[in-house]
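Laboratory data are not the source of any read-out in this text; all were calculated from the coordinates shown. Note that this is a predicted model, so its numbers are computed, not measured. Heads up, the Cβs are rebuilt from the backbone with ideal geometry, glycines too, and the neighbour counts pull from every protein chain shown.
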Amino acid sequence: MSYKVFVDGQEGTTGLQINEYLAQRADIELLKIDADKRKDLAERKRLINASDVTFLCLPDEAAKQSASLVDNPNTCIIDASTAHRVNPDWVFGLPELCPEQRAKIRASKRIANPGCHATAFILALRPLVAAGLIAVDTQIAANSITGYSGGGKSMIADYEAASASTTQLKAPRPYALALAHKHLPEMQAYTGLTVAPIFQPIVGPFYKGLAVTAYLHPAQFTRAATPADVQKIIADYYAGEQFINVLPVDLEATTEGGFFNIEANNDSNRVDLAVFGNAERMLVMARLDNLGKGASGAAVQAMNVHLGVEESVGLL
Ligand SMILES: NC(=O)C1=CN([C@@H]2O[C@H](COP(=O)(O)OP(=O)(O)OC[C@H]3O[C@@H](n4cnc5c(N)ncnc54)[C@H](OP(=O)(O)O)[C@@H]3O)[C@@H](O)[C@H]2O)C=CC1
Ligand SMILES: CC(=O)N[C@@H](CCC(=O)OP(=O)(O)O)C(=O)O
């Protein structure tokens, strides 16, 4: 069995990497668009409707436009953009979200891929909300440190320009300081929280790798819990998940001399979750490759689930 796959946005950061993942696969026939027709609506429409699966690796507005071009009921759209992530007609493409999610991804022809920060945040917090340890109306504070490839082609070009080494791009840069980052709606919706978190990302002078840190106040828990208790709730929630690794509560084993390596999952589709702290002060961290489980890897995983092929095919 071979599936026809089209990547709309094949020259972008996410699209190029999806193409790389799929080029190795015998069960996938990649439909390529001519370079000079990449933005030609009629040609994109033809290829979208000739495909079994189309990945949208486009800015939000272009993704909405592409989604409106589908008239083949068999075509499954997997959108990497922010456009449809909390749209009830679309399924959130995070198989590990909850026990029902894989069946939903399998059944739906409209799958919205999670944002990179959101993936890390949701995976870290959802088990604690689901277990009732964190009340749903808790306002969580979190930050994220990310490589510059998260900003796509234009940010990559800025960081890789000759001038970058002599400018402010040498230092980490906090952004989204209006505290209205575009991932807030999905972070709230899929953790089960009724309040959006205070979320503040930082982009640094390295290509890829991302870690979200969420601050937990044990005094706000609904019951007493130690870091080991919190770790166990998370580990039980993801038992059997091949791409999720819940680290032991052991500073020496999980850090490099006390430093947390946020690039540890680069070039993979893996996520590590770690709990740090003590009975008074705690945090939970999630690290992943923003271009792997944060984007292209996740999109390929969702496609595998949708097609009913082995979930890890083509992924590390
Ligand atoms: N980078 C990341 O870590 C992540 C990105 N995403 C999301 O994935 C999507 C793609 O992001 P990313 O790959 O980083 O972005 P890039 O900027 O690297 O690539 C976007 C691509 O879309 C093309 N494009 C823009 N407008 C149109 C259009 N109207 N028709 C056809 N093609 C168009 C661009 O063309 P041109 O080459 O001419 O500029 C470019 O090749 C975005 O919605 C982003 O938010 C999601 C998760 C993580
Ligand atoms: C460094 C940087 O700018 N990163 C992007 C995140 C990219 C991503 O995951 O997400 P979307 O699919 O939602 O664009 C940002 O924070 O907006």
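Table for the structure above
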{"quantity": "Modelled FRET efficiency - R0 22 Å, residue 64 with residue 158, Cβ distances, 0.05 increments", "calculated": "0.25"}
{"quantity": "Burial order of peptide ranges 23-34, 225-236 (average beta-carbon count within 10 Å, highest first)", "calculated": "225-236, 23-34"}
{"quantity": "Per-selection Rg to Rh, the chain - Cα, Kirkwood hydrodynamic radius", "calculated": "0.97"}
{"quantity": "Cross-link pairs beyond the 24 Å C-alpha cut-off, checked among 104/232; 64/208; 64/153; 64/182; 37/182", "calculated": "104/232; 64/208; 37/182"}
{"quantity": "Ellipsoid semi-axes in whole angstrom, largest first, where each is sqrt(5λ) of the Cα gyration tensor of the stretch 151-277", "calculated": "30, 20, 15"}
{"quantity": "Rounded to 5, percent antiparallel among DSSP beta bridges of the chain", "calculated": "45"}
{"quantity": "Mean Cβ neighbour count within 10 Å, used as a protection proxy, ranking 253-265, 300-312 highest first", "calculated": "300-312, 253-265"}
{"quantity": "Dipole axis of the stretch 14-54 (+1 Lys, Arg; -1 Asp, Glu on Cβ), positive-most option in 28, 42, 15", "calculated": "42"}
{"quantity": "Peptides ranked, highest mean first, by Cβ atoms within 10 Å: ranges 213-219, 276-282", "calculated": "213-219, 276-282"}
{"quantity": "Cβ charges +1 (Lys, Arg) and -1 (Asp, Glu), total dipole of the stretch 253-316, debye", "calculated": "140"}
{"quantity": "Extended-chain gain in nm, criterion 0.36 nm per residue less alpha-carbon gap, residue 166 and residue 141", "calculated": "5.7 nm"}
{"quantity": "Span-rule helices in the chain, defined as complete DSSP H runs reaching 18 Å or more along the axis (Cα) with Kyte mean at least 0.0", "calculated": "116-130"}
{"quantity": "Calculated FRET value between residue 35 and residue 263, using beta carbons and R₀ = 30 Å, to 0.05", "calculated": "0.40"}
{"quantity": "Cβ charges +1 (Lys, Arg) and -1 (Asp, Glu), total dipole of the chain, debye", "calculated": "520"}
{"quantity": "The stretch 68-96 and the stretch 11-67: distance between their alpha carbon centers, rounded to Å", "calculated": "14"}
